[in-house]
Amino acid sequence: MVQAFDDLMRFQRDTEALAQVAGRLGWDQETMMPRGAADQRSDESAAMESTLHQRRTDPRIAEWLSALDMGALDEVSQAQVGLIRRDFDRAAKIPADLATAIARTVSRGHVIWAEARADDDFASFAPILREILDLRQQEAAALAAGGDPYDALLDKYEPGAKAARLDEMFGALRPRLVALREAVLGQPELPGLTQSFDEQGQMKLARLLAKTFGYDFKRGRVDKAVHPFSSGSGDDVRITTRTVPLDPFNCLYSTVHEVGHATYEQNVDPVYRLTPIGQGASMGVHESQSRIYENQLGRSRAFTGWLYGQMRDTFGDFGIADEDTFYGAVNRVKNGYIRTEADELQYNLHVLLRFDLERALVSGDLPVADLESAWNDRFEADFGFGVDKASNGVLQDVHWSAGLFGYFPTYSLGNVYAGCLYKALRSAVPQLDDQLAKGDATQAVGWLRDSLQQHGSLRAPRELITQAAGEAPTEEPLLAYLEEKFSALYSL
């Protein structure tokens with residue numbers, strides 16, 4: 001049995017290493033790849049995915065697994081084997097030619113989406129989206145084996161999650177968020193930024209914020225991309241951000257958000273590196289880290305007081321008179337189209353729109369040809385104004401071009417998790433505000449590292465959050481936090 005376990009883990013380590021290389025191809029495509037390399041990169045990605053699929057379905061894995069006595073393994077080894085078995089069972093259900101076709105098609109799809117987004121032309125993107133959706137529907141049918149196809153896709157990003165349970169949680173979120181939004185928008189608007197901020201200054205501050213929140217630049221780097229993201233694990237974790245002259249918060253808080261993802265990966269116990277548990281437990285748990293860094297910590301009154309001083313040092317007088325006004329500007333609630341730029345209060349409404357639409361796409365109830373109009377109708381119903389162009393609507397996100405159906409709900413689930421963790425963090429670190437007011441996030445990040453991040457995927461997502469937070473996750477702590485914060489900001 002010992003030999004079988006050792007052989008299995010050696011084989012898995014090489015698979016994990018190749019998966020990291022595949023991820024680096026994706027990072028390069030988003031940041032530095034020449035535009036003319038798109039077709040070749042599609043073939044390269046397909047070849048890599050074909051190799052990975054062959055490894056993940058290698059018959060020897062079944063032999064090694066069958067030779068193991070789970071009762072004789074310790075907790076860590078049991079977790080490793082459990083994840084390998086789960087991935088093997090999933091991969092074995094997907095035909096190799098389908099896995100290769102998906103990789104090749106989404107690589108092409110990304111390039112077509114980027115051009116369609118630049119041209120505000122959904123019709124030019126619709127054909128490739130239809131191909132991607134068809135392939136994912138085939139994959140979902142193979143995985144579901146008669147069950148809910150959407151659940152089969154969701155399980156890849158949030159193991160054990162079910163759409164019905166999320167529907168119930170999101171249903172509890174929606175009415176209180178809508179009521180709070182309406183109350184806030186009924187008040188006078190808080191002052192915002194009015195001048196332009198140069199790119200060099202924004203990137204200088206972005207790097208300072210990354211360091212402040214514990215990002216290790218010896219094992220990472222910051223680049224620019226259309227859609228900010230984090231990539232990699234262990235000793236090579238890279239992030240991207242973007243700059244907007246009239247909105248430096250876009251750059252600064254995108255950076256803090258991605259640092260939350262990146263430090264999670266950097267802080268996983270090094271013993272687990274290049275193993276199944278050597279990475280984040282799920283996308284929902286991952287999102288909890290990015291959101292608590294960005295919002296509960298980064299947008300707090302204490303931390304924005306410190307950031308205000310850094311902004312003045314970098315840009316001089318930028319039209320905001322004091323720390324309290326700056327705190328309001330950072331957290332200002334205003335109408336907008338873009339999910340990644342949305343304030344905390346409205347963000348989840350953007351996610352729930354996508355969750356409902358992609359469930360309808362996967363089920364076949366919503367044809368791709370009708371997606372843009374369905375998006376526009378739902379957006380106007382939820383936010384009270386119409387979408388002006390496709391890049392502000394159905395084309396704004398990269399996810400569907402990458403075939404990431406089932407991914408969107410993990411954003412709101414991550415917010416729920418973050419609310420639970422923040423409640424526990426405040427109890428564990430009573431001097432949190434005093435520290436953040438000095439630009440010191442050390443104890444906050446340390447608590448998250450010790451309570452959650454170091455464990456990687458050792459435990460299931462819901463179990464991991466329950467242990468760190470001290471109670472099972474519910475939407476209540478998030479709602480209580482939002483209602484308290486925005487009621488105070490807007491004197492409700």
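The values are calculated or read from the model by the stated rules, or taken from the named source; none is laboratory data. The structure displayed is predicted, hence computed values, not measured ones. In this analysis, Cβ positions are derived from the backbone assuming ideal geometry, glycine residues included, and neighbour counts consider all displayed protein chains. Ligands, DNA and RNA are stripped out before the accessible areas are found, and what is left, the full protein with its side chains, is counted by its heavy atoms. Shrake-Rupley method; radii C 1.70, N 1.55, O 1.52, S 1.80 Å.
For this structure, a couple of remarks:
- Inter-part distance where region 217-290 and region 318-376 are each reduced to a Cα centre, Å: 21 Å
- Listed values (i) 35, 27, 22; (ii) 39, 26, 21; (iii) 51, 26, 18, entry calculated as semi-axes √(5λ) of the Cα gyration tensor in Å: (i)
- Coil-residue chymotrypsin sites (Phe, Trp or Tyr not before Pro) of region 357-463, DSSP, other Cβ within 10 Å capped at 13: F385
- Rounded if a/c under 1.5, otherwise prolate or oblate - region 382-492, Cα gyration tensor axes: oblate
- Acute angle (nearest 10 degrees) that the helix 2-31 long axis makes with the longest principal axis of the chain, alpha-carbon atoms: 50 degrees
- The charge dipole of region 112-492, taken about the Cα centre with unit charges on the Cβ atoms of Lys, Arg (+1) and Asp, Glu (-1), comes to about 940 debye, rounded to the nearest 20.
- Taking all protein chains into account, the per residue accessible area for region 1-149 stands at 49 Å² (1.4 Å probe).
- Between helix 122-144 and the chain: long-axis angle, C-alpha atoms, 0 to 90°, nearest 10: 50 degrees
- Hz values of 3J(HN,Hα) by residue in region 441-457 - Karplus curve (6.51, -1.76, 1.60), Gly and Pro given as x: 9, 4, 5, 4, 5, x, 5, 5, 4, 6, 7, 9, 5, 4, 7, x, 9
- Between the beta carbons of A47 and Q467, assuming R0 = 35 Å, the FRET efficiency works out to 0.30 to the nearest 0.05.
- Karplus 3J(HN,Hα) series, Hz, for region 101-116 with 6.51 cos²θ - 1.76 cosθ + 1.60 (x for Gly, Pro): 4, 4, 4, 5, 6, 5, 5, 5, x, 4, 5, 5, 4, 4, 5, 5
- When you filter the trypsin sites (Lys or Arg not before Pro) in region 354-400 for DSSP loop state and at most 16 other Cβ atoms inside 10 Å of their Cβ, you are left with K389.
- For K334, a cut-off of 16 angstrom between C-alpha atoms picks up these lysines, skipping any fewer than 8 places away in its own chain: K485.
- When nucleic acids and ligands are ignored and a 1.4 Å probe is applied, H257 ends up with an accessible area of around 20 Å².
- In this label model, K93 and D370 are separated by 2.8 nm, measuring between points 7 Å along each Cα→Cβ vector.
- Partner lysines for K218 [C-alpha distance under 22 Å; skip if fewer than 8 residues away on the same chain]: K204
- Axis angle, to the nearest 10 degrees, between helix 75-92 and the longest C-alpha principal axis of the chain: 80 degrees.
- Helix-only arithmetic for the chain: the sum of -39500 (n - 2.57) across DSSP H runs with n ≥ 4, divided by the residue total, places the mean residue ellipticity at 222 nm at -21000 deg cm²/dmol.
- Cα-centre dipole for region 2-93 with unit charges at Cβ (Lys and Arg positive, Asp and Glu negative), debye to 20: 200 debye
- If you plug the beta carbon distance of D440 and E63 into 1/(1 + (r/R0)^6) with R0 = 60 Å, you get a FRET efficiency near 0.70.
- Sequence-ordered 3J(HN,Hα) estimates for region 475-490 from the Karplus curve with 6.51, -1.76 and 1.60 and θ = phi - 60° stand at 7, 4, x, 5, 5, 4, 4, 5, 5, 5, 5, 7, 5, 5, 4, 10 Hz, glycine and proline given as x.
- With R₀ fixed at 25 Å, the C-beta to C-beta distance from L185 to T474 puts the FRET efficiency at about 0.40.
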